[in-house]
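Taking it in order: structure first as structure tokens, then the write-up.
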Amino acid sequence: MRLNRANLVAVLIAVFCLIWSSAFAIGRAGVLYAPPLTLLTLRFFLAAMLASGLALILRQKLPRGRALVLVALIGIVNHAVYLGLSYLGMRHVPAGLTAIIISANPVATTLLAAWLLDEGLHWRKLLGLALGVLGVAFILRHRLTLGLESPVDLLWPVGALLALSGGTVLYKRWGGGQGGAGGFAVLAVQLWAAGFSVVVPALCFEGGLSAINPTPTFWGSLVFQATAASLGAYWIWFYLLRHGAASAVSSWNFLTPPLGVLFGWLLLDEQVAWVDLAGIAPVALGILLVTRQPVPPPVPVRSEV
């Protein structure tokens, strides 16, 4: 049975959400056997080589001049800084909690875009912002009160959230900075820039490859991150952009908090408190409100006399 385009788009959106949500737990599984920056260095360089090969096969041109610099900077913020802070935090913070905090990216991005890009805030976005902030604050306050994580540990995923949101705003301000380059060529530049920006601190502070415990779990985590997370999800994004369905992915971001917690429980046996579940509801609803596209008013039909 062949899928029509509408069904294919629906399947790809589901796969995209699953990859994004599971990446937190699978990334933390890798951090258990390798220092975070060392793991990211391998992930970025492996994914960069694959993306470069795809760009070469598809004969995609590289960005040049100013566009090359902008693409590299976006890659450093959106890959190296965001994932670096996420992985450093996941040494002590559960993957499910990390997913909840970072999934508030659409909420934080909406706030930053209103401040820095003068994007309008209507009542639905304002309500979404309030619910998202309330839900995250509720969860963090409860965990700090019980002493489950220290304030310093929680600064890592919060910093990662701000880095991802800031990188998204930079992308919007610079129009992507691609200069007409191909998608995988742009991704390759971003990944090379991210890899070279983390390799030095990884070698200086984590001991390099000798610090890795090369278990099957480590290799599985690395391969998933470099292929499914860095390339597969990006290919799906390209496809959805070409077919005008990218906004539909954003509308499904509200699934990331509960799915992230679910994968943390399934893969890492992370315990889920009822307060965390209670806090997920306003976060998910807030994400849905700020990412939902407004329905355009119907166009009146003029009758011909």
Practice task
List the number of the failed condition for MET49; all other conditions in (1) open to solvent by 10 Å² or more (accessible area, probe 1.4 Å); (2) touching a helix residue (DSSP H, G or I) at 6+ places or on another chain (Cβ under 8 Å) hold.
Solution key: (2)
Problem - Odd one out for PRO36, checked against (1) surrounded by fewer than 22 Cβ atoms within 10 Å (Cβ to Cβ); (2) closer than 22 Å to LEU191 by Cα - result: (1)
Practice task
Name the residue, out of THR291, THR215, THR256, that is at pLDDT below 80 and open to solvent by less than 40 Å² (accessible area, probe 1.4 Å).
Solution key: THR291
Exercise for the section: Name the residue, out of PRO157, PRO214, that is farther than 22 Å from LEU54 by Cβ and either assigned to a helix (DSSP H, G or I) or in contact with a strand residue (DSSP E or B) (Cβ under 6 Å, 6 or more places away or on another chain) (or both). Expected result: PRO157
Fill in the blank from the handout: The correct count of residues that are without any contact (Cβ under 8 Å) to a residue 60 or more places away in the chain and open to solvent by 10 Å² or more (accessible area, probe 1.4 Å) in the range 70-113 is 3
Completion exercise
Restricting attention to the range 264-279, the residues that are under 20 Å from ALA137 (Cα atoms), part of a helix (DSSP H, G or I) and aliphatic (A, V, I, L, M) number exactly 3
Completion exercise
Exactly one of GLY128, GLY147 is small (Gly, Ala, Ser) and on the phi < 0 side of the Ramachandran plot, and that residue is GLY128
Problem - Hits in the range 148-158 (condition: open to solvent by less than 20 Å² (accessible area, probe 1.4 Å) and either in contact with a Lys or Arg (Cβ under 7 Å, 6 or more places away or on another chain) or closer than 13 Å to GLY84 by Cα (or both)) - result: GLU149, PRO157
Exercise for the section: Say whether the condition of being at pLDDT 80 or above, out of contact with any Gly (no Cβ under 7 Å at 6 or more places or on another chain) and open to solvent by 60 Å² or more (accessible area, probe 1.4 Å) is met by at least one residue in the range 163-170. Expected result: no
Fill in the blank from the handout: When (1) among the β-branched types (Val, Ile, Thr); (2) modelled with pLDDT under 85; (3) part of a helix (DSSP H, G or I) are applied to THR227, the one that fails is (2)
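The values are calculated or read from the model by the stated rules, or taken from the named source; none is laboratory data. Bear in mind the structure is a predicted one, so any value in this text is a computation, not a measurement. So basically every Cβ, Gly included, is an ideal-geometry build from the backbone, and we count neighbours across all protein chains shown. What goes into the accessible areas is simple: the full protein's heavy atoms, side chains included, and nothing from ligands, DNA or RNA. Shrake-Rupley method; radii C 1.70, N 1.55, O 1.52, S 1.80 Å.
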